[in-house]
Amino acid sequence: DAGVIQSPRHEVTEMGQEVTLRCKPISGHNSLFWYRQTMMRGLELLIYFNNNVPIDDSGMPEDRFSAKMPNASFSTLKIQPSEPRDSAVYFCASSGGADGELFFGEGSRLTVL
Amino acid sequence: AQKITQTQPGMFVQEKEAVTLDCTYDTSDPSYGLFWYKQPSSGEMIFLIYQGSYDQQNATEGRYSLNFQKARKSANLVISASQLGDSAMYFCAMSAASHSGNTPLVFGKGTRLSVIA
C-alpha cells in the first residue's frame, strides 16, 4: 500500500517567491494534518482537515500561509510570499484508524534564501 | 492545553543493553492517547507504539514497550536489546482522545538516542 506522498522533497527558492507543497494522503484516511519541523520549535501543527474540511488552522503562522483540501486525495500548503524564516521541513500526515495513529509522509524540506 | 515534556535531549546506550526514554504529559482530558515515533537521520517519522489512557496493560511492540504510569502522568519508552539501527531521534506525542482518530498529536521536543557498539 502506498503511504502518504509529498512533493517536492526538496525546494530551494528565493525570498518573495510563492511556494506550493503537495500531499496525497493514504486512501481511505479521512483526516489530514500539516506539521512544520524546525530545530528551534520542534514539530508544530499548522492545520488539519477532517473529511476535507479545515478544523483548526490556529497554527498557521500568518496570512502568508494557506492550505486547501479540494478532495479526499489531495491537499496543498501554499506560502506567498516566502521568507527565510519559513525554512523548515514540512510534513503531511493522514489518519483513519481508531487509535489516531498518524502516518507521515517523507516531508518537504524548504529552504528560502 | 496538552503538553508533552521530554527532559533528556540526548542519551547514549551500549549495544544490546536496554534503555528508557522519559516522557511526561499534562492534560485535563479524561481520555487521551500516547504515542512514540522514531525519526532516523533520513528524516521520516516512524510510528512505534500506542497506549490509550484507559488501557489496563502497558503496550508492547517487539523490542518496544511503553511504561505507562497514569497517576504520575508518565509514558516512558523502553527499548530492549538496543541495536545500532536504533540510533535516532525519538518523539513522545499525545492526542486529545483515546481510541478516536481525527485529532492532531502534540509532540515533545524529542530525545536523541545514540547506540554505541
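The values are calculated or read from the model by the stated rules, or taken from the named source; none is laboratory data. Nothing here was measured: the structure is a model prediction, and the numbers come from that model. Don't worry about glycine lacking a Cβ; one is built from the backbone with ideal geometry, like all the others, and counts go over all protein chains shown.
Within the group A:S73, A:S31, which residue is of a type outside the set (A, V, I, L, M) and more than 28 Å from B:S31 (Cα to Cα)?
That would be A:S73, the only listed residue that is of a type outside the set (A, V, I, L, M) and more than 28 Å from B:S31 (Cα to Cα).
Look at A:R22 and say whether it is within 19 Å of A:L110 (Cα to Cα) and within 11 Å of another protein chain (Cβ to nearest Cβ).
No; evaluated as a whole, the condition is false for this residue.
Quick check on segment B:15-70: of everything there that is assigned to a loop (DSSP other than H, G, I, E, B) and within 12 Å of the chain's Cα centre (by Cα), which residue is nearest to the other protein chains (Cβ to nearest Cβ)?
Filtering first and then ranking leaves B:A59.
What number of residues within segment A:84-111 satisfy the criterion of being out of contact with any strand residue (DSSP E or B) (no Cβ under 6 Å at 6 or more places or on another chain) and away from chain B (no Cβ under 13 Å)?
1
Test of understanding: among B:S80, B:S95, B:S41, which residue is touching a Lys or Arg at 6+ places or on another chain (Cβ under 6 Å) and among the small types (G, A, S)?
Going through B:S80, B:S95, B:S41 in turn, the sole match is B:S80.
List pairs: first in segment B:26-45 and crowded, with 23+ Cβ neighbours inside 10 Å, second at pLDDT 95 or above and of a type in the set (K, R), Cβ under 9 Å, 6+ apart or cross-chain?
Taking only residues 6 or more apart or on different chains, the pairs are B:M45/B:K38.
What are the residues in segment B:71-117 that are within 14 Å of chain A (Cβ to nearest Cβ), touching a residue at least 24 places away in the same chain (Cβ under 8 Å) and part of a loop (DSSP other than H, G, I, E, B), if any?
Matches in segment B:71-117: B:A96, B:A97, B:S98, B:H99, B:S100, B:G108, B:K109, B:G110.
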